[in-house]
Every structure is written in structure tokens, then in C-alpha cells.
Amino acid sequence: DVCSSDLFIAGSDYYGAGFTKHNTNSGFVDLDMHRVTPQVFSAHSFYSSKGTRLVADIQGIGDLWTDPQVLSQDYRFGDGDLGPRGMALFFKTFRHNSFADSMGIPIFPLSRNELKHQAKYSEDESTLSNELSLGTEADDSLADD
């Protein structure tokens, strides 16, 4: 019965075109980098909490973000909290950039296998994290990212 008193509907304002999923709680990161701010915010949340939390599932329009998911060491934030595995999946696909540097966010140490995985998404374009993790000097052109 559509008119039942047990029926609940959740909704939000319509914000128009331009809605972007920047990252998820399971490792997806927008590789087109429509904006670097959401990725850096997620990384910052990890380091500012000393590795106990990471805010992911960043989506929205511009800097109006909706419905984030907090990941934690102890899985305290519901079914979407994938814990340390979700955090590791984020950093596996996160591309360190000059904005992250300016925020004082260190380069997350990736294993060689993770670096290979990350490289297949950017074979023609090195990332700062790839260059520094492999012990080579970063290309000066990366400073303009």
C-alpha cells in the first residue's frame, strides 16, 4: 500500500548537472582528476588522525560534497566502513601531487607491486609518488600540477 504509514522516503535537494564521484570507500579514485581537493582531503584526514580514520566516498558538485564515508581502524562507522583495507585501497590509487605537498602530506610508501598497479593507469605520465618511491628525482614539470 503506497499510502502506508510505514513508508519512508529519503531525499536531498537537486543540485543540477556536474555531480562527480571523486573517490569511494573501496579504492576508486577519479583518475581524470576533475579536482585534486577531494583526494588531498581524504589523504589529509588519514594523516591528521594519525592513521586511525580516512574520509572517503567524496562526491558532489564543486566543493559541495555529500554523503561521505569514514573508514576507521576499528570498523565503528557502519557497513560502509571497510577499515584498514579501505584505507589501503585509497592509497593504492591516490596520486600524490603538489597540492598534497603544500599541505604537508607525506608520500604514502607503496610496495613495488602497488607501484606497478598505479603505473598502469598512468604509463605515459609519472606521478610524484612513483618517482619518489622508486628513489629517482621527480621531473620538474610535475611541480606545476
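The values are calculated or read from the model by the stated rules, or taken from the named source; none is laboratory data. Fair warning: this is a prediction, and the values are worked out from it, not measured in the lab. Accessible surface areas use protein heavy atoms only, side chains included; no ligands, DNA or RNA. Shrake-Rupley method; radii C 1.70, N 1.55, O 1.52, S 1.80 Å.
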Below 24 Å, Cα to Cα, which lysines can K21 reach? Residues fewer than 8 away in the same chain don't count. K92, K120
When the Cα centres of the stretch 36-50 and the stretch 87-115 are compared, how far apart do they sit, in Å? 10 Å
Which value, in Å², gives the accessible area per residue of the stretch 20-130 when a 1.4 Å probe is used on the protein heavy atoms? 51 Å²
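Using a 1.4 Å probe on the protein chains only, how many percent of the accessible area of the stretch 20-130 belongs to carbon and sulfur?
Details: 2990 of 5670 Å².
For the stretch 20-130, the apolar C and S fraction of the accessible surface comes to 53 percent.
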